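The values are calculated or read from the model by the stated rules, or taken from the named source; none is laboratory data. If you're wondering where the values come from, they're calculated on a predicted model, not measured in any experiment. Virtual Cβ from ideal backbone geometry, glycine too; neighbours counted across all protein chains shown.
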Amino acid sequence: MRVVVAEDLALLRDGLIRILQAYGFEVVEAVDNGPSLARALRTHRPDVSVVDVRLPPTFTDEGLRAAIDARARFPGLPVLMLSQYVEQLYARELMSDRAGAVGYLLKDRVSDVGQFIDAVRRVAAGGTVMDPDVVASLLARHEDDEPLRALTPREREVLSLMAEGRTNAAIAARMFVTEKAVSKHSNNIFAKLGLRRSEEDNRRVLAVLAYLQA
Amino acid sequence: MTGPAPGVPRPSGRVPAGRAPRAGLAVRLELLGWSLVLLMASAVAFALLLLWSTAAGLVLMGAGLPVTLLATVAVRWFADRHRAWAGRWTGEPVAAPYLPIPEGNWLTRLGVVLRDPATWRDWLWLAVDSVTGWFTAGGSFLISAAGVFYLLYPLEFALTPAQVFRTPFGPYVHLGSVGASFVMVPLGLALLVLWYVSAVPLARLNAWVIRSLLAPTEQARLRVRVAQLAASRAETVDSQASELRRIERDLHDGAQARLASLGMSLGLAEQLLAQDPRAVAGLLAEARESTSAALTELRDLARGIHPPVLADRGLDGAIQALALGNPVPTTVDVRVPGRLPAAVESAAYFAVAEALANAVKHAHARRIAIRLEYERTAGGAGRLSILVSDDGRGGASFDGGTGLLGVARRLSAFDGTVGIDSPAGGPTDVRMSLPCELS
């Protein structure tokens, strides 16, 4: 799989490249600033890119803007954003095109290499990956809402894992239950929240996130 | 409004007139009443002048300290009444310029009073007013009284015994009958017209005398301003120092300790690598958790120093992000045409964040609205107004550890103010105002 990496700190850039290569990804270009990223995304149209939100020359959200611009040109261009901190605002902007193939994670998550590589693969496959911090703060916002209060603790757990973009299989593995049980929980959740059910993992994630971001 | 926070100086500013000026007869009749009061007041001024001078004279002879202080209090009260009057009639308040009188024995208090230039200006004003009062207030009153007197001359002529009103201007004019006394009526009318025309200018003149002697001099105004600036600077320096101490402590107990333990775990893992690969796996997992925790702590610390989103998106975006991250539904309305100076943006951001945290934590609000507006005052100076309102249970104040006092201190470095309107039971409005220019 062809990957573009954008990270301005050499130490972290090399670390990312090393991890990605160890898992069989081909890093076609690694850049350290916003304009180079924009160009690299245009020329390579990578299968997935791993991009730091903050990049030179402005050291603001240059990486985020470059990624959003590129996705406006090439809808669904898979991008996984990494950041030293997460903001609801940015999650919302990234997801606003509803095209999927997008992820937003804290940089710390890279240290759990297996999870990180899984996230990169899910984004490359058109999935949505959301950092647990973002999901937790989204859920906190809806704490007192009637439909959400109707969920059982188990269903809430499934809901937050779903919002993080995990597949039924992954949720089942993590909660030590069968996939069938997860699917039952998820049906209940969709019924209680009044959402239209979908068998397709990615559509389900998008529906849940859209509900929570409303 | 509970006004500015205690200990936080509020910049002196000109407040618009509290009432609309009225015209016509009503205002003149009211002034007529005042002219009588002020006329008597100028007699009192003379009495106070004598009292004060005598008492102060006694001080020189080693007695009369309490009397002097008492007389000072009386003079200041008296002058304050006149300031209020002049402020009311000119539509521009006259501030009192006195230095604060300290606690302490009579002698130190008297020392401050005698060193205060305002004391001597009061004294000067008493002397001036006891003379000019007769011409301004007295003049107006006399003209109106004379007008009425001559207007009613025939009546007075008829009702009084013979000889009393026969010679209005000494022996040169002699009025023979009631009919003849009607020649005085036009004079009465003329005097009343003169009163009508001159009442307002004379009152203005009186107010001008009061203002020019009792208002703070430029020097006094600057002295107050310097005291305010010194106080707010001291607070700024203090709060910065304690902020740095907090950061140092957080680093020391947090990230530094985590990195030290990370080093230990890795060192141990290195030692055990050959003998016990299983234990090494555990140590490495521990090490990874340590880095995660250290990163979380550093992230929180960085956010507290300067929120990254503020650097990325400016005040508008940062407030939006703050609202989105807030557990309580929050609406944002920002009307700022452009960017503000970085220091102002940061202060405004933290002020909003604190007010927001209060609304969530203490007021248990269900809905919060944030409003930021940049306006220009009449003088052309820019001002950022911030309103954070919630529907919570109210009762917010500067004390009770709500952090709003800290906000007031922080904003005072920019001459900013904080006002809280939060009756028990809610709702709460926290209004903040920061003078600033667009950058």
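Could you please give the count of residues in the range B:325-347 that are within 27 Å of A:A136 (Cα to Cα), part of a helix (DSSP H, G or I) and at pLDDT 90 or above?
1
Regarding the range B:394-403, can at least one residue be identified that is in contact with a strand residue (DSSP E or B) (Cβ under 6 Å, 6 or more places away or on another chain), free of Cβ contacts under 8 Å to residues at least 60 places away in the same chain and among the aliphatic types (A, V, I, L, M)?
yes
Restricting to the range A:128-146, and then to whatever is under 27 Å from A:V48 (Cβ atoms) and among the acidic types (D, E), can you tell me which residue is nearest to the other protein chains (Cβ to nearest Cβ)?
Restricting to residues being under 27 Å from A:V48 (Cβ atoms) and among the acidic types (D, E), the top hit is A:D133.
So A:G24 passes all but one of these: (1) surrounded by 17 or more Cβ atoms within 10 Å (Cβ to Cβ); (2) part of a loop (DSSP other than H, G, I, E, B). Which condition number does it fail?
(1)
Looking at the range B:300-314, is at least one residue more than 11 Å from chain A (Cβ to nearest Cβ), under 25 Å from A:E143 (Cβ atoms) and surrounded by fewer than 20 Cβ atoms within 10 Å (Cβ to Cβ)?
Checked the range B:300-314: at least one residue is more than 11 Å from chain A (Cβ to nearest Cβ), under 25 Å from A:E143 (Cβ atoms) and surrounded by fewer than 20 Cβ atoms within 10 Å (Cβ to Cβ).
Assess whether A:T178 counts as being outside the structural domain of A:V102 (by TED's automatic domain parsing) and surrounded by fewer than 19 Cβ atoms within 10 Å (Cβ to Cβ).
yes
Check A:R71, A:R109, A:R65, A:R39 and return the single one that is over 14 Å from the mean Cα position of the chain (by Cα), of a type in the set (K, R) and within 14 Å of chain B (Cβ to nearest Cβ).
Unique residue meeting the criteria: A:R65.
Here are the criteria: (1) buried (at least 20 other Cβ atoms within 10 Å of the Cβ); (2) at pLDDT 90 or above; (3) more than 9 Å from chain A (Cβ to nearest Cβ). Tell me which single one B:S290 does not satisfy.
Unmet condition: (2).
Kindly provide the set of residues from the range B:74-105 that are at pLDDT below 85, over 22 Å from B:L222 (Cα atoms) and under 28 Å from the mean Cα position of the chain (by Cα), ordered by number.
B:R88, B:W89, B:T90, B:G91, B:E103, B:G104
Would you be able to tell me the number of residues in the range A:81-106 that are more than 10 Å from every other protein chain (Cβ to nearest Cβ), surrounded by fewer than 24 Cβ atoms within 10 Å (Cβ to Cβ) and not charged (D, E, K, R)?
Residues that pass the stated criteria total 6.
What's the total number of residues in the range B:323-341 that are more than 13 Å from chain A (Cβ to nearest Cβ) and more than 18 Å from B:D390 (Cβ to Cβ)?
6
What is the number of the single condition among (1) away from chain A (no Cβ under 13 Å); (2) closer than 21 Å to A:V86 by Cα; (3) not β-branched (V, I, T) that B:A281 does not meet?
Exception for B:A281: condition (2).
Grab the helices (runs of 4 or more DSSP H) fully contained in the range A:60-168, keeping just those with 1 or more residues being of a type in the set (F, W, Y).
Per the criteria, A:88-95, A:113-124.
Within the range B:206-237, work out how many residues are under 20 Å from B:G33 (Cα atoms) and surrounded by 17 or more Cβ atoms within 10 Å (Cβ to Cβ).
4
For the range A:147-165, which residues satisfy the criterion of being without any contact (Cβ under 8 Å) to a residue 40 or more places away in the chain and under 11 Å from A:V208 (Cβ atoms)?
A:V158, A:S160, A:L161, A:E164 - these are the residues of the range A:147-165 that are without any contact (Cβ under 8 Å) to a residue 40 or more places away in the chain and under 11 Å from A:V208 (Cβ atoms).
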